[in-house]
1. Out of segment 72-152, which GluC sites (Glu not before Pro) are coil in DSSP terms and have no more than 12 other C-beta atoms within 10 Å?
2. Quick one: plug the Kirkwood hydrodynamic radius of segment 56-139 (C-alpha pairs) into Stokes-Einstein at 37 °C, 0.692 mPa s, and report D in µm²/s.
3. Within a 10 angstrom radius of the beta carbon, how do 61, 71, 37 rank from fewest other beta carbons to most?
4. What are the trypsin sites (Lys or Arg not before Pro) within segment 97-126 that DSSP puts in a loop, where the Cβ has at most 12 other Cβ atoms within 10 Å?
Amino acid sequence: MPIRDTLTRLPRRLAGSLLALLLSSGAAQAADLDVSEARLRLMPGDLPGAGYFQLHNTGDEAVTLVGADSEAYGKVMLHMTVSEDGMSSMHAVSELEVASGDTLEFAPRGYHLMLMKRAHPLAVGDEVEVTLEFAGDRRLPVTFDVVSPRSL
């Protein structure tokens, strides 16, 4: 193979490798969005999983998270855990706005993704792609690390 062909392919391979590395580390970025610490709490059997992450808006305008989707689950919903009079309950959330410069945390006992109807078996250590959906038909794929409930 001529040296010129090798040199023109190198930047594409390097860019592809860097993208794969970023996505496999539980982080993803779009021009003005940064997702970090993406973890999926795996529960036994057919119990729903929960997705936790931090969403930082580095842009100049607010963004609105309106949903999520994953081929690994039949249904993904935005949820919030609410504690009232010593009792905790979960409620579906239709959308969440993240102001410019703000970070929205998805964590146990707070906002989280509820992942239901697992499409295939998963194990701790696997990775699951979840696409975050924003107003204006904007989508951001994020790789979640599958973790044990005890690790959270």
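What follows draws every value from the coordinates through simple rules; no lab data is involved. Nothing here was measured: the structure is a model prediction, and the numbers come from that model. Methodologically, a virtual Cβ is constructed for each residue, glycine included, from the backbone with ideal geometry; neighbour enumeration extends over all protein chains shown.
1. 95
2. Roughly 230 µm²/s, to the nearest whole number.
3. Lowest count first: 61, 71, 37.
4. 109
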